[in-house]
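To keep things clear, I will list the structure first and then write my remarks on it.
Here, each number is a calculation from the coordinates, and none is a lab measurement. Computed from a predicted model, the values in this text were never measured in an experiment. Neighbour counts are summed over all protein chains in view; Cβ atoms, including those assigned to glycine, are modelled from backbone coordinates with ideal geometry.
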Amino acid sequence: MIYSGKALSVDVLPSGIANLVFDLEGSSVNKFNEDTLRELQQAVTALQTADVPGLILSSAKSTFIVGADITEFNSKFVEGEQAVYNWLVEANKIFSDLEDLPFPTVTAINGIALGGGFEVAIATDYRVATENAVVGFPEVKLGILPGFGGTVRTPRLIGADNANQWISSGSHIKAKQAFAEGALDAIVAEELLIAAAEKIVVQCNEGKLDYKQVRAQKTAPLTLTPIELNVAFETAKGMVAAAAGPNYPAPITAVSVMQEAAGMERAAALELEHKGFIKLAATEVAANLVQMFLNDQFLSGLAKKQQAAARPISKAAVLGAGIMGGGIAYQSALKGTPIIMKDIAQEGLDLGMAEARKQLEKQVAKGRMDANKMFGILSSIEATLSYDDIDKADIVVEAVVENPKVKQAVLAELESLVSDDTIIATNTSTISVDELATVLERPENFCGMHFFNPVPVMPLVEVIRGASSSDETIATTVAYAKKMGKTPIVVNNCPGFLVNRILFPYFGAFSKLISDGANYKQIDKAMERFGWPMGPAYLLDVVGLDTAVHAQAVMADGFDRMKLDIDTVIDKLFEQKNLGQKSGSGFYLYEADKRGKPKKLPNTATEELAASMAASQKQFEDQEIVERMMVAMSMETIRCLEDGIVSTAIEADMGLVLGIGFPPFRGGALRYVDSLGLSQFCDIADKYAELGELYHPTEKLRAMAASNETFYK
């Protein structure tokens, strides 16, 4: 034994070759935390004087290394630039010492090697991997760039063009592509992994492979002419900037760092990488994106706890087909739960099956499945006009029209046909779960399960706990949502639940701005510059103005502060049957593009309508638009937290990010309030106090502001 620690050890194989094995104690995966880095330094120091012909890096776990320990990031970033710099220098010395060992080195990658996990792999001379291996650098998705030599070694290993694409996209790269582009040297069966690595070491020592030449290439400047360098990087910068947008600086910074370092040797190039990393780590974007990752981990852990009392789901059913029911059926079948799709009309079933088939054909076209698998999944969706097999379902999702009387009639009939322990979940977006439960004899088996449209795309499912919903019902519904590949958030019952309750004050602020003379196209542009994927007018067109009118009425009945004392353009468009994308006309006009997707066009008639309904025309600054929109939304998010609709700021913020596309780089409404400072947020809200209660800070918020508290501790 050359070295033994709690994160890794180094032993000698029967061949005499050293084997450094990552096996982080107390963790299901290997990751580069402080302990692992410290032990790697000690192991490499021991190896520098070891009498061995070579070294293999491998993993004792089911996968190689998933990356750095992101839970340590925010604490490191707040220590300041010098502390981050020292950390990077120390870590990179370890990786460089590994690269400089006096014998050939090979990494044996079983499964995932991402971020720091792949950076350590490219610090060795060669890499062999299993067929299921996935490699890459996801750091830009955290608002940073690879900090352990990734921007230095990758372009020298696989070329500038490939490195630009790999690092700026943060993509996971499958083994076949990685091998074709030169990042892997061999792909072998898992049982042959160590033997293949040993063979490479032997070939190096026999002179058949020149590992010193490989090192020279990775530590020297790029071998491109100035013109070639300019073409490679300037072209990439244009494409990366267009794809990332102005709110995500990491991708373009990574490409710029690689460009500036292209003519440098390793030490100077690493110094540039450090500077680029530190620049990004200091941004609010990086802090928010790291927090988003941690939020996601929190939700996964919470769902795991919530599933503890779950019963197994072997068969499901959905009542109501069409686009929504077909999407639910597709998602359930895709993830391995057979499902009955029941409707009262053949047209509905046909539409539902067409939706499922369309989604599966997309998977086939992308190479994610073959035709046989597609037909197998389709055959696990049982489309029917009868209730004949409904008693075989462990959970039934009711997804009929959004009308309480219709839903209650369907639910009462359904309950009489299923077994006593079947869970019934209503896919309602606004109707009170407790109101619907009044017609049921077993309300403990009932809850809400609110899917967002389009179901295959939107990751969030709100699981709504009614007053009578049992823990087992909630646990099983959460487990079914997770099995479907969704992110469930358990919320308590109230009008609009979590996401719609927060969304409609935002829409109310939008309507009031138009009434006060703002141009809705300017509002859209201002909110899109803020970071939203689409402005409120465009979003209303996508949601459907009929849906918006219905939901607004529900919210106004539930909360006096959400009642609007103005005639809105939304109501007028609804009266005119201009419903948005579904009718071809709303705030904007829509026509199908070459791919059949709706293309947004100006709508002069609606612009004139909006102008005619305004008290007067007024020129607004973008800042005022953003403040009025975001204060209304953020204040309702605060009230949801105070009212116990969700238990944590994380759940509230993630509901907005996953449910309606709140800009991830801002971290959610409560994270946004934290970034302003609670006291400053209250001051901004007070500027608009005359607009109504939606803008009035709660007493608890003012107390938090006075104590300099934050929502994220």
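Here is how the numbers come out for the structure above:
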{"quantity": "Computed lengthening from residue 687 to residue 247, 0.36 nm per intervening residue step minus Cα-Cα distance", "calculated": "155.7 nm"}
{"quantity": "Cα centre as origin, Lys/Arg/Asp/Glu Cβ charges: the chain dipole, Debye", "calculated": "1240"}
{"quantity": "Cα lying deepest toward the dipole's positive end in the chain, options 586, 606, 154, charges on Cβ", "calculated": "154"}
{"quantity": "Those GluC sites (Glu not before Pro) in segment 1-56 that DSSP places in a loop and that have at most 15 other beta carbons within 10 Å", "calculated": "25"}
{"quantity": "Whole-number D in µm²/s for segment 3-282 (Stokes-Einstein; Kirkwood sum over Cα pairs; 4 °C, 1.567 mPa s)", "calculated": "69"}
{"quantity": "Tail fraction, Cα-Cα pairs, the chain, threshold 36 Å, whole percent", "calculated": "51"}
{"quantity": "Members of 358/482; 407/600; 600/687 lying beyond 31 Å, as alpha-carbon distances in this model show", "calculated": "407/600; 600/687"}
{"quantity": "Sites matching trypsin sites (Lys or Arg not before Pro) across segment 195-258 that sit in DSSP coil, with at most 12 neighbouring C-beta atoms within 10 Å", "calculated": "208"}
{"quantity": "Per-residue Cβ neighbour rank within 10 angstrom, fewest leading, 172, 450, 274, 696", "calculated": "172, 696, 274, 450"}
{"quantity": "R0 of 22 Å, Cβ-Cβ distance residue 709-residue 560: FRET efficiency to nearest 0.05", "calculated": "0.20"}
{"quantity": "Mean Cβ neighbour count within 10 Å, used as a protection proxy, ranking 161-171, 294-304 highest first", "calculated": "161-171, 294-304"}
{"quantity": "Loop GluC sites (Glu not before Pro), segment 105-199 (other Cβ atoms within 10 Å of the site Cβ: 15 or fewer; DSSP)", "calculated": "131"}
{"quantity": "Long-range tail of P(r) for segment 500-706 (Cα pairs > 29 Å, %)", "calculated": "22"}
{"quantity": "Unit charges at the beta carbon, dipole of segment 500-706: most positive-side option, 556, 685, 619", "calculated": "619"}
{"quantity": "Only Lys, Arg (+1) and Asp, Glu (-1) charged, at Cβ; segment 360-405 dipole about Cα centre in debye", "calculated": "380"}
{"quantity": "Estimated inter-spin distance, residue 344 and residue 441, nm [label 7 Å along Cα→Cβ]", "calculated": "2.3"}
{"quantity": "Dipole magnitude of segment 3-282, debye to nearest 20 (Cβ charges: Lys/Arg +1, Asp/Glu -1, about Cα centre)", "calculated": "460"}
{"quantity": "Distant-in-sequence amide H partners of residue 68 (H built 1.01 Å from N, under 5 Å)", "calculated": "32, 116, 117"}
